[in-house]
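This report concerns only the one structure given below.
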Amino acid sequence: MLRGPVDDVVAEKRQVAPMPPLWPASLSAYLAWPGEFENYFRDCFGFRTALLKFAHQTSAALRLENPRSVGVLRGKEDWLFYSPVDEVNPIDIHAGRLVFGPAEIEKIVGRLVAWERWLGARGTAFFLMVPPDKISVYPQYAPTGLTFSPRPETTNELLRSLQAAGLRMIDPLARLQERGKVDPTLYHHRDTHWPKKGALIGYAPLGDALAARYPTRAAVAESEVSVIRDVPADGDLELMLGATDADPELVYRLDWTGQSGLAGNTALPRAIIFHDSFMTDLRDILQVHFSEDEFHGTPKLSATAIERFNPDVVILEIVERNLYLTLSQEPPPGH
């Protein structure tokens, strides 16, 4: 009745609990074994997928309040918002229950400034891009009764402090909010992310900053891109609810061939990009600025990767709700 790591746990945006070794190697491992096996069993018992899907589809069909353990809140007009219980919750951040204190802001600023200086000494430009949370752009679709700020003041204070310290800050919130007033398709309704249409709007300030420093390639203009209506795969939040196959969300994709012929242009810089999942729909357009690039699917800077690749540009992209991860960023060499 047990099975290995499964897609439904991955869809819940967390790691599957591993099977502990059958023969613990030490006394401490022996004592921890029962709890570790219980966690594994919870994730891997037989028919887990079917049972969870039935429960979540029933809840969705009857418009029942989502159990908090699901990690999803239903907002107005069936918008879904990510609200996990076993990690930092973006809803708690926006409601002011989780904030950056002065010591945390000082630590983050100091650590990233140290990286900026280390990279500068290598002749490398450093850019920090912070895509906003969906609730920051579309607060009008937040769950009824939720008291929150579209972007908490302590988050604003952190970003202002980073900019005041001289970092090249890319914050597309204002641009996305302005466009979002008249266009509800810049973020997926049933997913945590922006689609390519929203990514194009969010890209603009980063494209402008790169073009200002490396004018060989101008920023990609919206007029260069055709926006085409499309039906995507099920959203990650929808998968967490198990409520798929009903009323697929109509979003947009980009039809664009502007990248052809640019790869390998030695007049363009080489870049290494450390990022989270918001880079997925941004990557194709961003690549036009570089002769060569390397993408690392983690929002943590790595001196080893940078020293090996020797880039002209380093970009750290980290979504607003994950800024707390910078508290655990390792310092650069010599700091």
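Contact map, the range 172-185: first residue within 17 Å of TYR141 (Cα to Cα), second residue among the polar types (S, T, N, Q) and buried (at least 17 other Cβ atoms within 10 Å of the Cβ), Cβ cut-off under 9 Å, separation 6 or more or different chains; pairs are LEU173/SER136; LEU176/SER136; GLN177/SER136. Per this entry, GLY4 is not counted among residues that are at pLDDT 60 or above and either within 30 Å of LEU186 (Cα to Cα) or surrounded by fewer than 17 Cβ atoms within 10 Å (Cβ to Cβ) (or both). Scanning the range 194-206 for residues that are modelled with pLDDT of 90 or more and crowded, with 21+ Cβ neighbours inside 10 Å yields TRP194, GLY198, ALA199, LEU200, GLY202, TYR203, LEU206. THR155 meets all of the listed conditions (1) under 23 Å from PRO331 (Cα atoms); (2) more than 18 Å from the chain's Cα centre (by Cα); (3) touching a residue at least 60 places away in the same chain (Cβ under 8 Å); (4) not in a loop (DSSP other than H, G, I, E, B) but one, namely (2). Does the range 37-60 contain any residue that is in contact with a strand residue (DSSP E or B) (Cβ under 9 Å, 6 or more places away or on another chain) and at pLDDT 85 or above? No, the conditions are met nowhere in the range 37-60. If you check LEU176, LEU159 for being within 17 Å of PHE81 (Cβ to Cβ) and of a type in the set (A, V, I, L, M), only one passes: LEU176. Only one entry of ASP312, ASP293, ASP276 meets the criterion of being touching a strand residue (DSSP E or B) at 6+ places or on another chain (Cβ under 8 Å), charged (D, E, K, R) and under 24 Å from LEU98 (Cβ atoms), and that entry is ASP276.
I'm trying to understand the selection: among the residues of the range 123-151, which are surrounded by 16 or more Cβ atoms within 10 Å (Cβ to Cβ) and in a loop (DSSP other than H, G, I, E, B)? Selection gives THR124, VAL130, PRO131, PRO132, ASP133, TYR138, ALA142, PRO143, PHE148, SER149, PRO150, ARG151.
The values are calculated or read from the model by the stated rules, or taken from the named source; none is laboratory data. Small disclaimer: the values here were computed from a predicted structure and weren't measured. Counting neighbours? That spans all protein chains shown, and the Cβs are built from the backbone with ideal geometry, glycine included.
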